[in-house]
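I have placed the structure first, in the form of structure tokens, so that the comments after it can refer back to it.
The values are calculated or read from the model by the stated rules, or taken from the named source; none is laboratory data. Note that the structure is a prediction, hence the values are computed from the model and not measured. FYI the Cβ positions are ideal-geometry reconstructions off the backbone, even for glycines, and counts take in every protein chain you see. These accessible areas exclude ligands, DNA and RNA; they are computed on the full protein's heavy atoms, side chains included. Shrake-Rupley method; radii C 1.70, N 1.55, O 1.52, S 1.80 Å.
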Amino acid sequence: MVGGACHKLETDQQEFKIGRHAFTYCYQKPVLAGNTKAIKKINAAWEKDYQHNQHNFALLKEAAVALNDLDTTCSSRFLVTVTYNKHGVISFRQDAEFYPVAAGYHKYNGGAYSLTTGNRIPVYDLVKGSREVVLARLKQEAEKQDALNFYDEAASNLDELNYTIVPDGMVYIYPQFFKATGRDAIVVSGIFEKE
């Protein structure tokens, strides 16, 4: 038990073949222990994400089977890392790999939640300098990547921006506009840094 909560990771792992098609699926779903409204709300958010991924994997299977003349390998993998702190904040980082019939992606999703309210905390509430620092770092990175059109999208959706808090309190932001893999992070000093 850390930071007032404990959890387990439930893993749904499936490997099977349909004709010439091979499928691999792995999804880790964190389940927090407890019966508070906040814990139930966080668990419900993860259950919703799990159901969404199950639905997408079913669609992937249908699409692959429709290509009945081809050998196809399809895989989805969603692994989770959980971090707590003494301020009642729990942070999740989901390492997401999705490789349908042809091309795919490998990226990080994430966010932090209040163990008191169960609400997702916007990234700008957890970095030193607040909203302006997040916007400045996003714009700086977008300019380096020649991706200002993606900056506009990220800036208009700051509440949904993917990020995680690492144990030393630094905040890793995953804006998804990196050209190569989308896995790179913008590192920003967090309000819990070096406590």
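Relative contact order of the chain: what whole-number percent is it, with Cα pairs under 8 angstrom and at least 6 residues apart?
Numbers: 382 pairs, mean separation 31.9, N = 195.
16 percent.
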For the chain, the spread of Cα positions along each principal axis, largest first, Å = 56, 46, 24
note = Pseudo-spin-label distance residue 22 to residue 120, built 7 Å along Cα→Cβ, given in nm, is 3.4 nm
key: ³J(HN,Hα), Karplus 6.51/-1.76/1.60, whole Hz, each residue of the stretch 136-143, x for Gly, Pro   = 5, 5, 4, 5, 4, 5, 5, 5
key: Listed residue pairs exceeding 28 Å between alpha carbons, taken from 29/139; 29/61; 86/139   = 29/139; 86/139
request  = Among 154, 32, 53, pick out the residue whose Cα is farthest towards the positive end of the charge dipole of the chain, where Lys and Arg carry +1 and Asp and Glu carry -1 on C-beta, about the Cα centre.
outcome  = 32
remark   = Between the modelled labels at residue 71 and residue 6 (7 Å from Cα along Cα→Cβ) the distance in nm is 4.7 nm
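Keeping all protein chains in place, calculate the accessible area per residue for the stretch 1-147 (probe 1.4 angstrom), answer in Å². Numbers along the way, then the final one.
Details: 7870 Å² over 147 residues.
Roughly 54 Å² per residue, with all protein chains present.
Is there a quick way to get the dipole size of the chain? I mean about its Cα centre, with the Cβ of Lys and Arg at +1 and of Asp and Glu at -1; what is the value in debye to the nearest 20? Kindly include the intermediate steps, with their values, before the conclusion.
Working: 22 positive and 23 negative charges, 106 e Å.
Dipole of the chain, to the nearest 20 debye: 500 debye.
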note = Taking R0 as 22 Å and r as the Cβ-Cβ distance between residue 48 and residue 105, the FRET efficiency 1/(1 + (r/R0)^6), rounded to the nearest 0.05, comes to 0.60
remark   = Each label sits 7 Å from Cα toward the beta-carbon; between residue 81 and residue 148 the label points are separated, in nm, by 3.4 nm
remark   = With bins of 5 Å, the percent of all Cα-Cα pairs of the stretch 41-155 per bin from 0 is 2, 9, 14, 15, 16, 16, 13, 8, 4, 2, 1, 0
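Starting from the Cα gyration tensor of the stretch 1-82, take the square roots of the eigenvalues, sort them a ≥ b ≥ c, and report rounded, prolate or oblate (rounded when a/c is under 1.5, otherwise prolate if a/b is larger than b/c, else oblate).
Values: a/c = 4.71, a/b = 2.79, b/c = 1.69.
Verdict is prolate for the stretch 1-82.
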key: Apportionment of accessible area to carbon and sulfur, the chain, percent (1.4 Å)   = 51 percent
